[in-house]
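No lab work stands behind these numbers, since they all come straight from the coordinates. As the structure is a prediction and not an experimental result, all values here were calculated from the model. Cβ atoms come from the backbone with ideal geometry, glycine included; neighbour counts cover every protein chain shown.
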């Protein structure tokens, strides 16, 4: 009977010791990435496709500007490029013909140099036309605001019909937060920093759910001074398909 009691007591002590070995830290959830995006050009808002609270996929159209004048500029630049290319090809044919006459002794070197110079001018004009076409297409692309990653729309200042100026002191912006990845942030003391460095296996507990850490990092500089010394910020990245609002309490468990 006594031996059985001792075995049970040793087992309980072993479990208690195992629990004490694990480190738990109170933490709060935060976005993994939060960005503010806006247009790289000025214009009138034509359509707003999303609003605060919406989930968007990477590459999805968020807001678009009126593009009538930009589309006209692209067509004009395309026509100019085609004309310049045709002129360059025609001048190249002239140079080839004049070169043949020069080789036969029927054309002077001065005349050959003149047509070669004209060819250089048409080549430069064609290159300029290509660059202008690329610039016009780029401006047209800037008129559409797209999501840089899977995200939640946190806030938006865009409204259909408004004019936005990208160089304004307070430009109109949309706030996005990465969807699917979050950070659990906790404060740890200096002694815990060494233990965490040697313990890569970390879990995040949120209510009755447990998430595995994708990666963790500890700030290089202290963020506060506590009663037990300087404290550092521990950030643990994890994945969740559902929306977790920043500020939600959770626990970081380090085995």
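Where Rh is the Kirkwood radius over the Cα pairs of segment 68-142, the temperature 25 °C and the viscosity 0.890 mPa s, what D in µm²/s does Stokes-Einstein return?
Numbers: Rh = 13.8 Å.
Stokes-Einstein gives a translational diffusion coefficient of 178 µm²/s.
Below 8 Å between Cα atoms, with a sequence gap of 6+, how large is the relative contact order for segment 68-142 in percent?
Values: 49 pairs, mean separation 39.0, N = 75.
The value is 52 percent.
Take the alpha-carbon positions of segment 115-195, form their convex hull, and give its projected area averaged over all directions (one quarter of the hull surface) in nm². Please report the intermediate quantities before stating the final value.
Details: hull surface 52.0 nm².
Its average projected convex-hull area is 13.0 nm².
Taking Cα atoms, how many degrees apart are the long axis of helix 109-142 and the longest axis of the chain, rounded to 10 and kept between 0 and 90?
Tilt relative to the chain: about 40 degrees.
In what sequence, highest mean first, do 53-62, 184-193, 28-37 appear when ranked by Cβ atoms within 10 angstrom?
Going by the mean number of other Cβ atoms within 10 Å, highest first, we get 184-193, 28-37, 53-62.
How much mean residue ellipticity at 222 nm does the chain get from its helices, if each DSSP H run of length 4 or more adds -39500 (n - 2.57) and you divide by all residues, to the nearest 500 deg cm²/dmol?
That calculation yields -13500 deg cm²/dmol at 222 nm.
Specify the angular offset, from 0 to 90 degrees and rounded to the nearest 10, of the alpha carbon long axis of helix 68-103 from the longest principal axis of the alpha carbons in the chain.
Tilt of helix 68-103: around 50 degrees.
Tell me, in nm to one decimal, what length is gained between residue 138 and residue 201 on full extension, where the rule is 0.36 nm per residue of separation less the Cα-Cα distance?
On the way: separation 63, 0.36 × 63 = 22.68 nm, distance 4.60 nm.
Fully extending the segment from residue 138 to residue 201 adds 18.1 nm.
Can you pull the one-decimal nm distance between simple spin-label points at residue 224 and residue 118, each 7 Å off the Cα toward Cβ?
Going from the residue 224 label point to the residue 118 one covers 8.0 nm.
Efficiency by 1/(1 + (r/R0)^6): what FRET value for residue 75 and residue 249, r their Cβ-Cβ distance, R0 = 51 Å, to the nearest 0.05? Kindly include the intermediate steps, with their values, before the conclusion.
Numbers: r = 57 Å, r/R0 = 1.12.
It comes to 0.35.
Given a 10 angstrom Cα cut-off, can you work out which residue in 210, 175, 100 is the most mobile in a GNM of the chain?
Its mean-square fluctuation being the largest, the pick is 100.
To check my understanding: the extent here is largest minus smallest coordinate of the Cα atoms along each principal axis. What are those three numbers for segment 147-255, in Å, largest first?
56, 32, 20
Between residue 146 and residue 90, take the C-beta separation as r, use R0 = 45 Å, and let me know the FRET efficiency to the nearest 0.05. Present the calculation step by step, with values, prior to reporting the outcome.
Details: r = 41 Å, r/R0 = 0.92.
The value I calculate is 0.65.
Debye sum, Cα scatterers, the chain, no solvent: what log₁₀ I/I(0) at q = 0.09, 0.10 1/Å?
The Cα Debye sum returns log10 ratios of -0.69, -0.76.
With springs connecting C-alpha atoms under 10 Å apart, model the chain as a Gaussian network and identify which of 65, 101, 142 has the largest mean-square fluctuation.
Ranking 65, 101, 142 by mean-square fluctuation puts 101 first.
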